[in-house]
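The values are calculated or read from the model by the stated rules, or taken from the named source; none is laboratory data. Please read these numbers as outputs of a predicted model, since none were measured by experiment. Cβ coordinates were reconstructed from backbone atoms using ideal geometry, including for glycine residues, and neighbour counts include every protein chain displayed. Remember, those area values only see protein heavy atoms, side chains included, never the ligands or the DNA or RNA. Shrake-Rupley method; radii C 1.70, N 1.55, O 1.52, S 1.80 Å.
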Amino acid sequence: MTGSLSIAVVTDGRAGIENQALGLAEAVARLTPAEIAVSRVAWHPLFDPLPVRLKLPAMLAPGSDRPFPKRGSPWPDVWIGTGRASLPLSIAARRRSAGKTFVVQTQNPRVSPDLFDLVIAPIHDQMSGDRVFEIIGSPHRITPERLER
């Protein structure tokens, strides 16, 4: 797709978590042409207990997708991370892309929303700030077309 957005979706692969990130990515793709690439990640058990700020991509478990572009390849236009496993990677993507990627984190990241371009959190998480967009419920993949099937 020439002229389309590239969207990276990064989750731990659990259905409920991935559903939120894909729901948001697919909603964007309904508004403008977009290519969606999904990365499923897990932290090596030795490093999983570490705080978010200490985790490095090299600490991902074997078998995890590598969510960052290869050296010399372009960064995605939009990065959507959902869930605890995606947090360090979303923070790193914002920094490493040097402003080329708009980084969105869904759910309450339990770190400063200023580490992301946008946090989309359910209203029950009671988050606020210039970078926080509160919604009722969670992003999802249910559309009128899917309900009609």
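Observations on the model:
- The value of relative contact order for the chain, using C-alpha pairs under 8 Å at least six residues apart, is 24 percent.
- Rel. contact order, % - alpha carbon contacts under 8 angstrom, at least six apart, region 69-149: 21 percent
- Descending by average beta-carbon neighbour count within 10 Å, the peptides 138-147, 35-44, 86-95 line up as 86-95, 35-44, 138-147, the highest first.
- Backbone amide hydrogens, once placed in the peptide plane, bring residue 133 within less than 5 Å of 119, 120, 121, excluding anything fewer than 5 places away on its chain.
- Percent accessible area from carbon and sulfur atoms, the chain, protein chains only, probe 1.4 Å: 55 percent
- Over the chain, DSSP H runs of length four or greater, each weighted -39,500 (n - 2.57), average out per residue to a 222 nm ellipticity of -6500 deg cm²/dmol.
- Compared with the alpha-carbon gap, the fully stretched path from residue 61 to residue 84 is longer by 6.8 nm at 0.36 nm per residue.
- Solvent exposure of region 20-120 amounts to 53 Å² per residue of accessible area, where only protein heavy atoms count and the probe is 1.4 Å.
- Listed values (1) 1.24; (2) 0.96; (3) 1.02 include one computed from this model; for Cα Rg over 2.2 N^0.38 Å that value carries the label (3).
- 5 angstrom amide H check on residue 35, placed H, neighbours 5+ away: 5, 6, 7
- Listed values for region 17-22 are Karplus-derived 3J(HN,Hα) couplings in whole Hz (6.51 cos²θ - 1.76 cosθ + 1.60, θ = phi - 60°), namely 6, 5, 4, 5, 5, 5, and x replaces Gly and Pro.
- Length gained on full extension, residue 145 to residue 108, computed as 0.36 nm times the residue gap minus the Cα-Cα distance: 10.4 nm.
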